[in-house]
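Since the structure comes first, as structure tokens, the remarks are kept for the end.
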Amino acid sequence: MKFLTKTPTRVFTSLFFAAALTACGGSSETITDPIDPEPATPGTTIEDEFGLWLTDLANNHVLPSYQNLQASSTALSSQTSEFCAKASNNNDELVVLQQSWRAVVASWQTIAWLKVGPIINDNRIFRLHYWPDSKDNVGRGVANLLASSEEINEAFIAKQSVGSQGLPALELLLFPEENQDNLLNASDKDKRCQVLTAISANVATISAAVNSEWQIAGGNYHAQLTQGTGDFSSKKDAVEELVTNWLEQIERVKDEKMLVPLSVASPGIPTIAEHVLSDESVTSLQNNIATFKVIYSAGGGHGFDNILIDHLSQQNIATEMLTAIDGSITAANELTGNYETLLKTAEGRAQITTTIDALRALRDVLTVDFVQATDINIGFNSNDGD
């Protein structure tokens, strides 16, 4: 599996990247007059402006998102233990447990774009959410756990392949394809509960560790990001890393979550969509895209809009960015109902295509006008998560 992650150097300038995008269906516009990135506001520097964006993004979005991820993961682990401690359960209790899993997924999808710091240590990002899964590592991993004669606990899970450890593995147990494997009906319910409890605890532990290492009172990765130290050579370097992460997420949502399942014709390939068993495919990509506005505005703080308008006097580019972001959110919110139905119906496929086009438009503004105005460099690097 190829996954985009942090790159130590950015080998593409914005103009080179724009040319590359042209070859793959992006904007063909040629920029002949460079946009002046010099600050228009006296008394501050662009580095100061970047520091304000980093601080507000961290305080308004990153820290709360990881706190929510820990809280929802802890709740899921606790509820799983309670569910599995009972000799029998009813459907309402199973639905509550499934909803608890959905809450963790929602928390994760708002911060999944960020690939710096504690989340990339110890392979946590893959251990928490291994997808796409073209080799069925999740399915095989869960099957092996259920077939194992060993007692499955959290410590055992933490040593298994990444496909066996995270949210997709829990989805397979909570939303099985066959009704006979349902936690209410399965003949091996005890074993399934043992595996479910262990994986839930593992997810909670990973989430707690990431949150702690970000917190000012914990590992304080917050300081590295906001001050441009440690993993970063400057505040500008930190901004470049995060904007690269943002661009990677735009491409990930556009390609892996929509273009690939859409395929070339109806009915598409719904089986490879993210969270297809739980029917969370649409909600997850909508959460991803909604987060783009949070990134841009620093969660309502000192956002890139402030930098472009007040510091760089680039009102037109600020308008272009906001229009493109809002357009992608609006298009994504038009996607309603079951993803499999959307993929196989003419109307649904048209709506998905509209969302893809909206993300292309956002990508084009971000990789040309925006990066020139802010004088930042972005680039791609891929990492195999297997």
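The values are calculated or read from the model by the stated rules, or taken from the named source; none is laboratory data. Just so it is clear, the model here is predicted, and its values are computed rather than measured. For neighbour counting, all protein chains shown are included, and Cβ atoms are generated from backbone atoms with ideal geometry for every residue, glycine included. When the accessible area is computed, the model is the full protein with side chains, heavy atoms only, and any ligands, DNA or RNA have been set aside. Shrake-Rupley method; radii C 1.70, N 1.55, O 1.52, S 1.80 Å.
In region 285-304, what count of residues is obtained for those that are surrounded by 23 or more Cβ atoms within 10 Å (Cβ to Cβ) and not in a helix (DSSP H, G or I)?
2
Test ASP133 against the stated conditions and say whether it is not in a helix (DSSP H, G or I) and not small (Gly, Ala, Ser).
On the way: not in a helix (DSSP H, G or I): yes; not small (Gly, Ala, Ser): yes.
The answer is yes for ASP133.
Any residue at all in region 79-96 that is within 12 Å of the chain's Cα centre (by Cα) and over 15 Å from ASN211 (Cα atoms)? Spell out the reasoning first.
From region 79-96, those within 12 Å of the chain's Cα centre (by Cα) are none; that's our starting set.
No, region 79-96 contains no residue that is within 12 Å of the chain's Cα centre (by Cα) and over 15 Å from ASN211 (Cα atoms).
Spot the failing condition for VAL282; the list is (1) outside any loop (DSSP other than H, G, I, E, B); (2) of a type in the set (A, V, I, L, M); (3) surrounded by fewer than 19 Cβ atoms within 10 Å (Cβ to Cβ), and only one is missed.
Only one criterion in (1) outside any loop (DSSP other than H, G, I, E, B); (2) of a type in the set (A, V, I, L, M); (3) surrounded by fewer than 19 Cβ atoms within 10 Å (Cβ to Cβ) is unmet by VAL282, namely (3).
Would you say ASN60 is in a helix (DSSP H, G or I), at positive phi, open to solvent by 30 Å² or more (accessible area, probe 1.4 Å) and not charged (D, E, K, R)?
Details: in a helix (DSSP H, G or I): yes; at positive phi: no; open to solvent by 30 Å² or more (accessible area, probe 1.4 Å): yes; not charged (D, E, K, R): yes.
No; evaluated as a whole, the condition is false for this residue.
Given the criterion modelled with pLDDT of 95 or more and open to solvent by 30 Å² or more (accessible area, probe 1.4 Å), identify the matching residue among THR367, THR355, THR341, THR374.
Matching residue, one of THR367, THR355, THR341, THR374: THR341.
Please indicate, with yes or no, whether at least one residue in region 226-235 is outside any helix (DSSP H, G or I), modelled with pLDDT under 95 and of a type in the set (Val, Ile, Thr). Outline the logic, then answer.
Of region 226-235, the ones outside any helix (DSSP H, G or I) are 228-234.
Still in the running and modelled with pLDDT under 95: none.
Taking every residue of region 226-235 in turn, none turns out to be outside any helix (DSSP H, G or I), modelled with pLDDT under 95 and of a type in the set (Val, Ile, Thr).
Can you tell me which residue in region 189-237 is nearest to the chain's Cα centre (by Cα), limited to those that are among the hydroxyl-bearing types (Ser, Thr, Tyr) and within 30 Å of LEU145 (Cβ to Cβ)?
Pass one, region 189-237, residues among the hydroxyl-bearing types (Ser, Thr, Tyr): 197, 200, 205, 207, 212, 221, 226, 229, 233-234.
Checking which are within 30 Å of LEU145 (Cβ to Cβ) leaves us with 197, 200, 205, 207, 212.
On the way: THR197: 24, SER200: 19, THR205: 19, SER207: 14, SER212: 19 Å.
If we take residues in region 189-237 being among the hydroxyl-bearing types (Ser, Thr, Tyr) and within 30 Å of LEU145 (Cβ to Cβ), then SER207 is nearest to the chain's Cα centre (by Cα).
Filter region 99-120 down to residues that are in contact (Cβ under 8 Å) with a residue 40 or more places away in the chain and either part of a loop (DSSP other than H, G, I, E, B) or open to solvent by 30 Å² or more (accessible area, probe 1.4 Å) (or both), then give me how many there are.
Quick first cut of region 99-120, residues in contact (Cβ under 8 Å) with a residue 40 or more places away in the chain only: 101-102, 104-120.
With the extra rule that they be either part of a loop (DSSP other than H, G, I, E, B) or open to solvent by 30 Å² or more (accessible area, probe 1.4 Å) (or both), the set shrinks to 102, 106, 110, 112-116, 120.
Qualifying residue count, region 99-120: 9.
Could you tell me whether VAL95 is open to solvent by 50 Å² or more (accessible area, probe 1.4 Å), of a type outside the set (Lys, Arg) and closer than 19 Å to LEU172 by Cβ?
On the way: open to solvent by 50 Å² or more (accessible area, probe 1.4 Å): yes; of a type outside the set (Lys, Arg): yes; closer than 19 Å to LEU172 by Cβ: yes.
Spelling it out, VAL95 is indeed open to solvent by 50 Å² or more (accessible area, probe 1.4 Å), of a type outside the set (Lys, Arg) and closer than 19 Å to LEU172 by Cβ.
Given the criteria polar (S, T, N, Q) and crowded, with 17+ Cβ neighbours inside 10 Å, does THR244 qualify? Break it down stepwise before answering.
On the way: polar (S, T, N, Q): yes; crowded, with 17+ Cβ neighbours inside 10 Å: yes.
Against the criterion (polar (S, T, N, Q) and crowded, with 17+ Cβ neighbours inside 10 Å), THR244 qualifies.
Here are the criteria: (1) surrounded by fewer than 21 Cβ atoms within 10 Å (Cβ to Cβ); (2) on the phi < 0 side of the Ramachandran plot; (3) in contact (Cβ under 8 Å) with a residue 24 or more places away in the chain; (4) not small (Gly, Ala, Ser). Tell me which single one ASN123 does not satisfy.
The number of the failed condition is (2).
Wholly within region 309-383, which helices (runs of 4 or more DSSP H) include no fewer than the required count, namely at least 2 residues that are closer than 30 Å to ILE269 by Cα?
Once the helices (runs of 4 or more DSSP H) in region 309-383 are filtered for at least 2 residues that are closer than 30 Å to ILE269 by Cα, what remains is 315-333, 339-344, 346-365.
Here are some conditions: (1) on the phi > 0 side of the Ramachandran plot; (2) free of Cβ contacts under 8 Å to residues at least 60 places away in the same chain; (3) open to solvent by less than 50 Å² (accessible area, probe 1.4 Å). GLY228 meets all but one. Which one does it not meet?
It fails just one condition, (2).
Working only within region 162-218, note down all residues that are more than 19 Å from ILE152 (Cα to Cα) and either open to solvent by less than 10 Å² (accessible area, probe 1.4 Å) or in a helix (DSSP H, G or I) (or both).
Result: ASN179, GLN180, SER207, ALA208, ALA209, VAL210, ASN211, SER212, GLU213, TRP214.
Looking at ASN123, is it in a helix (DSSP H, G or I) and under 30 Å from ASN60 (Cα atoms)? Before you say what the answer is, go through the steps one by one.
Working: in a helix (DSSP H, G or I): yes; under 30 Å from ASN60 (Cα atoms): yes.
When the stated conditions are applied, ASN123 passes them.
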